[in-house]
Amino acid sequence: MISVYYFGAISLILIGLYAVLVKKNLLKMLIGLSIMETGVNLLLVSVGYVAGRSAPILSEGIGPNQAVDPIPQALVLTAIVIGVATTAMALSVAMILHEKYGTLNVEEIRRLRG
Amino acid sequence: MNGQYASLLIALPLISAFFVPLIKGAGKKAVKYYLIAVTAVQTGIAAWVFQQVYTTGQPIIVMAGAWRPPVGINLYIGHFAALFVLIVAVVSFLMAVFSLRAVKVEPIDKYAMLFLLLMLGATGMIATGDLFNLFVFMEITAISAYALTAYNKTGEAAEASMKYIVLGGIGSSFFLIGIALIYGSLGTLNMAQIAQLAGGMDATVAQVGLALIVFGLAVEAELFPLNAWAPDAYQAAPHPITAMFSAFVVKAGLYAMARLLYLMQAVESWHSVLKLLIIMATLTVFVAEFAALRQRNVKRMIAYSSIAQIGLIALAFALGTQSGVDAGVFHMVNHAIVKALLFLAVGHVAVTLGGAEMERFEGLGKKMPLTAFAITVGAVAAVGIPLFNIFWSKLRILLAAIGAGYAWAAAIVLIASVVEAVYYFRLIHTMWFAGEGERISEGLAVSLMLLFLAALVIVIGVYPDYAWNIAQKAGNDIFNVAQYIKNVPLMGVGA
């Protein structure tokens, strides 16, 4: 079954991809990368989503049969952490680039394009 | 001894990386010797695992927390993983020794830490038996590779690293979408269980998922058109790291690609994904060889040549036949040795003479005869002259390609090989017949390593049977998926 969440997730991925491929400013490209990662995470969560069930935390009144699939949620947590690390790494490289070239425009930084 | 000790392969570099700041208190030199010690121990463990797997013929399966898969995450160290974990460890050890001489930029403790994490990531990618675990190890490898690329802190290094990060980010997103699709339709992340259930998967979903995974891994595996980062990163990274990139980081990506492809071979649309990969691989070989021809910087030239060879390996894996996979694994081994040799030698020249431009290689035969000899052996081997190791694996890949009905791919590879011969012989000519120079001291440790690797190239070239035997076993480990499923003790399958 195709849920509406898939469309949201995939449009986020495409918006992010567009920003990465088209934007000239390095920061905008990195924001695009983050949007793309968010879209992928949303897609992962929606894979395990079952309508009308609650978060996979066992508590009063919520047994294993009333919870959604916990594995994608665990995966998304990991993926978010990895995404943060990548973004932090990219931003520090962007800082070095700005120090060396005085600009964040990828066309002015000599070899970044092509 | 208990096979569970094989988990030390993952645990040791990780723990050691955390101890680096403590060691730094004992001085800057101590960090480098610590790095050598850790990689030496890792080599020891890897050698033990290798010996264990090849004498018993049984894979070592480590179950994390004693949970049986698919609930727990397992490591699968079969013939292939045992062989490549050993190569990763040996190359890391050699490069740790080389770092003593080659890495002068501070902060050395960060360098050591990232070095260990890079080794950890590649080992993990090769050994893991879980799809998401593979993703995590891939990201560990990638993030330490980004940081190491930028390590020299020059403008070029930062550019190369940024390019790598952007492409790598897109690649890992694609990979994750592929995982989501596969998990969504099979409900499992364990590789053995995926292989078991793959037959019942919807053909279109499988095709899209596999293609996305191939694209995602193509960034790490340097396949065209996702390899734009590689030459810049190879040129800008510290010399030992360049050798590590070429010798095993790329191989880990390629292996992951091959493993996932063959796991899903029960899927109906499997052959169309293989065709995609064959086209990508042939284009990689072709484009990279012609790009290499134009380079004035020797390190960059060898980087392009490395990409071309990787394309060749990917082609072998994409053939979908037993002989293709065996030949691909054989070429992976040979290529790891030759490229470790070439990057070590070129890096050595760059450290000693202050750069890797073609002009600096003039008269190298008189200045540093041993290094020049090592580069010559590596270059001749890379071209594929008989009696050197790559000849045998190239030949087997071509035969396998023709056998699988891809004669056009074999023809393109042969044409590209001619181009390869042109630029390598130009390099050899520059080294031996142009320019003059005084004899320079070459350093004992590096000379020994060069001789060791060159000897390995020639020994495998003259007596290929033993290495071919090992490669065949390792290839069978990838190709024979039924055996793979049988080896992993799954619980409650199909539930």
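Quick test for you: out of B:424, B:406, pick the one residue that is hydroxyl-bearing (Ser, Thr, Tyr), out of contact with any strand residue (DSSP E or B) (no Cβ under 6 Å at 6 or more places or on another chain) and within 25 Å of residue B:358 (Cβ to Cβ).
B:424
What is the one condition in (1) open to solvent by 10 Å² or more (accessible area, probe 1.4 Å); (2) modelled with pLDDT of 80 or more that residue B:64 does not satisfy?
It fails just one condition, (2).
Given the conditions (1) in contact (Cβ under 8 Å) with a residue 24 or more places away in the chain; (2) over 20 Å from the mean Cα position of the chain (by Cα), and given that residue B:162 satisfies all but one, which numbered condition is not satisfied?
Of (1) in contact (Cβ under 8 Å) with a residue 24 or more places away in the chain; (2) over 20 Å from the mean Cα position of the chain (by Cα), only one is false for residue B:162: (1).
Has the stretch B:396-408 got any residue that is more than 30 Å from residue B:266 (Cβ to Cβ), touching a Leu at 6+ places or on another chain (Cβ under 9 Å) and assigned to a helix (DSSP H, G or I)?
At the first step, the residues of the stretch B:396-408 found to be more than 30 Å from residue B:266 (Cβ to Cβ) are none.
There is no residue in the stretch B:396-408 that is more than 30 Å from residue B:266 (Cβ to Cβ), touching a Leu at 6+ places or on another chain (Cβ under 9 Å) and assigned to a helix (DSSP H, G or I).
Within the stretch B:167-188, can one find any residue that is hydrophobic (A, V, I, L, M, F, W, C), within 11 Å of another protein chain (Cβ to nearest Cβ) and over 21 Å from residue B:263 (Cα atoms)?
Among the residues of the stretch B:167-188, at least one is hydrophobic (A, V, I, L, M, F, W, C), within 11 Å of another protein chain (Cβ to nearest Cβ) and over 21 Å from residue B:263 (Cα atoms), which makes the answer yes.
Residues that are among the hydroxyl-bearing types (Ser, Thr, Tyr) and open to solvent by 20 Å² or more (accessible area, probe 1.4 Å): does the stretch B:312-323 have at least one?
Initial filter on the stretch B:312-323 (among the hydroxyl-bearing types (Ser, Thr, Tyr)): B:321, B:323.
Going one step further and asking which of them are open to solvent by 20 Å² or more (accessible area, probe 1.4 Å), we end up with B:321, B:323.
So far as the stretch B:312-323 goes, yes, one or more of its residues are among the hydroxyl-bearing types (Ser, Thr, Tyr) and open to solvent by 20 Å² or more (accessible area, probe 1.4 Å).
Looking at B:30, B:82, which is the one that is at pLDDT 85 or above and assigned to a helix (DSSP H, G or I)?
Unique residue meeting the criteria: B:82.
Being within 14 Å of another protein chain (Cβ to nearest Cβ) and in contact (Cβ under 8 Å) with a residue 24 or more places away in the chain, is that true of even one residue in the stretch B:249-266?
Taking every residue of the stretch B:249-266 in turn, none turns out to be within 14 Å of another protein chain (Cβ to nearest Cβ) and in contact (Cβ under 8 Å) with a residue 24 or more places away in the chain.
Among the residues of the stretch B:327-386, write down those that are under 30 Å from residue B:399 (Cα atoms), in contact with an Asp or Glu (Cβ under 8 Å, 6 or more places away or on another chain) and open to solvent by less than 10 Å² (accessible area, probe 1.4 Å).
Scanning the stretch B:327-386 gives a single hit, B:382.
If I ask for residues that are basic (Lys, Arg) and not in a helix (DSSP H, G or I), which ones from the stretch B:258-315 would you list?
B:294, B:296, listed by residue number.
Which numbered condition trips up residue B:192, out of (1) over 16 Å from the mean Cα position of the chain (by Cα); (2) more than 10 Å from chain A (Cβ to nearest Cβ); (3) modelled with pLDDT of 85 or more?
(3)
Between a residue in the stretch B:134-148 that is free of Cβ contacts under 8 Å to residues at least 60 places away in the same chain and more than 9 Å from chain A (Cβ to nearest Cβ) and any residue that is assigned to a helix (DSSP H, G or I) and surrounded by fewer than 23 Cβ atoms within 10 Å (Cβ to Cβ), which pairs come within a Cβ distance under 7 Å, given they are 6 or more apart or on different chains?
B:144/B:114; B:144/B:117
Output yes when any residue across the stretch B:375-384 is at pLDDT below 85, closer than 16 Å to residue B:421 by Cβ and either acidic (Asp, Glu) or not in a helix (DSSP H, G or I) (or both), and no when none is.
yes
Which of the following residues is closer than 25 Å to residue B:80 by Cα, in contact with an Asp or Glu (Cβ under 6 Å, 6 or more places away or on another chain) and open to solvent by less than 10 Å² (accessible area, probe 1.4 Å): B:308, B:281? Show your work before the answer.
On the way: B:281 fails: in contact with an Asp or Glu (Cβ under 6 Å, 6 or more places away or on another chain).
Unique residue meeting the criteria: B:308.
Taking the condition of being under 15 Å from residue B:317 (Cβ atoms) and open to solvent by 50 Å² or more (accessible area, probe 1.4 Å), how many residues in the stretch B:400-417 meet it?
Going through the stretch B:400-417 one residue at a time, the tally reaches 1.
The values are calculated or read from the model by the stated rules, or taken from the named source; none is laboratory data. Treat the numbers as computed from the prediction; the structure is a model and nothing was measured. We place every Cβ from the backbone using ideal geometry, glycine too, and count neighbours over all the protein chains shown. When the accessible area is computed, the model is the full protein with side chains, heavy atoms only, and any ligands, DNA or RNA have been set aside. Shrake-Rupley method; radii C 1.70, N 1.55, O 1.52, S 1.80 Å.
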